[in-house]
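The values are calculated or read from the model by the stated rules, or taken from the named source; none is laboratory data. As the structure is a computational prediction, the values presented were derived from the model and not from experiment. Every residue, glycine among them, receives a Cβ derived from its backbone with ideal geometry; neighbour counts consider all protein chains shown.
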Ligand SMILES: C[S@@+](CC[C@H](N)C(=O)[O-])C[C@H]1O[C@@H](n2cnc3c(N)ncnc32)[C@H](O)[C@@H]1O
């Protein structure tokens, strides 16, 4: 879904985000994995105070209400999205939609559980870092971990009549999401990781010395308590990210931007 007509910049940003976040509900695997995670924690949600950070349309806030939460704060910074959530969550009196960035939210109660889906395709390129900047301390964060894995592959196994060797050469230095749909390879090398409550690096070097292959692929993994919840490629919401290999060491860094982070990527050697 794309906006076709000219809008003022602020309206465009809000509508563009609204459309992007509506489209995540096409990913039934992601939604199901999250619902299962919440249901597996029903005992810590029932009668407790919960927060959904970035509630979108409020599906997971509604689920926490169904699981017996005493109070749910559905916090959403996009005003258009918050209006949709308010409408969707009207039937749950214990759910309060708060139109605010989660970093600015100061709840009136101790928070037992915080649920979020702030994972970008490149781990930190959405708003995961915001969870390091909260004004309250939740008892439990669901999910509490994530990682970006990488793999080096032979381009010849992927090139076709559309993505030719020449086209790939032109993409040097460019990270392309969804260039190819899947790899048959295991993503074994951890490039970046995030664990709630622990320091994390927003700049990281990746050393590929000794690894054969001229195509580099990245895959996000969402985890909780060390168990995988969803993976790029298996959940449509996160595509694999690709770039032609142009060296043995590359560097990724994340630059704060309005409502998230931009990615900088370069080859060092
Ligand atoms: C990927 S969507 C997830 C929506 C919903 N939680 C779900 O999983 O279905 C992320 C949502 O978080 C909102 N968001 C992003 N950063 C935020 C922040 N710092 N504070 C509050 N909301 C935020 C976005 O506007 C968007 O609606």
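If you check 153, 131, 142, which single one turns out to be under 18 Å from residue 248 (Cα atoms) and surrounded by 14 or more Cβ atoms within 10 Å (Cβ to Cβ)?
Exactly one residue qualifies, and that residue is 153.
What is the one condition in (1) free of Cβ contacts under 8 Å to residues at least 40 places away in the same chain; (2) assigned by TED's automatic domain parsing to the domain that holds residue 24; (3) more than 22 Å from residue 14 (Cα to Cα); (4) touching a strand residue (DSSP E or B) at 6+ places or on another chain (Cβ under 9 Å) that residue 157 does not satisfy?
(2)
Any idea how many residues of region 68-80 are within 12 Å of the ligand (Cβ to nearest atom) and either part of a loop (DSSP other than H, G, I, E, B) or more than 30 Å from residue 43 (Cβ to Cβ) (or both)?
Result for region 68-80: 4.
Quickly run through region 45-67 and pick out the residues that are touching a helix residue (DSSP H, G or I) at 6+ places or on another chain (Cβ under 6 Å) and part of a loop (DSSP other than H, G, I, E, B).
Hits for region 45-67 are 55, 56, 57, 58, 67.
Report whether or not residue 103 is within 16 Å of the ligand (Cβ to nearest atom), over 14 Å from the mean Cα position of the chain (by Cα) and either surrounded by fewer than 18 Cβ atoms within 10 Å (Cβ to Cβ) or closer than 18 Å to residue 239 by Cα (or both). Give the steps one after another, and end with the answer.
On the way: within 16 Å of the ligand (Cβ to nearest atom): yes; over 14 Å from the mean Cα position of the chain (by Cα): yes; either surrounded by fewer than 18 Cβ atoms within 10 Å (Cβ to Cβ) or closer than 18 Å to residue 239 by Cα (or both): yes.
Yes.
Please report, ordered by residue number, the strands (runs of 3 or more DSSP E) entirely within region 203-262 with at least 3 residues that are over 25 Å from residue 167 (Cβ atoms). Break it down into steps so the answer makes sense when it comes.
Working: elements: 203-207, 215-224, 227-231, 241-244, 249-257.
Counting at least 3 such residues, we get 203-207, 215-224, 227-231, 249-257.
Given the conditions (1) farther than 18 Å from residue 266 by Cα; (2) in a loop (DSSP other than H, G, I, E, B); (3) without any contact (Cβ under 8 Å) to a residue 12 or more places away in the chain, which single one is not true for residue 166?
The single condition residue 166 does not satisfy is (2).
So, in region 112-128, of the ones that are more than 10 Å from the ligand (Cβ to nearest atom) and over 18 Å from residue 61 (Cβ atoms), which residue ends up surrounded by the fewest Cβ atoms within 10 Å (Cβ to Cβ)?
Within region 112-128, the first condition is being more than 10 Å from the ligand (Cβ to nearest atom), and the residues that meet it are 112-114, 121-125.
Within this subset, residues satisfying the condition of being over 18 Å from residue 61 (Cβ atoms) are 121-125.
Working: 121: 20, 122: 22, 123: 29, 124: 24, 125: 23.
So, considering only residues that are more than 10 Å from the ligand (Cβ to nearest atom) and over 18 Å from residue 61 (Cβ atoms), the one surrounded by the fewest Cβ atoms within 10 Å (Cβ to Cβ) is 121.
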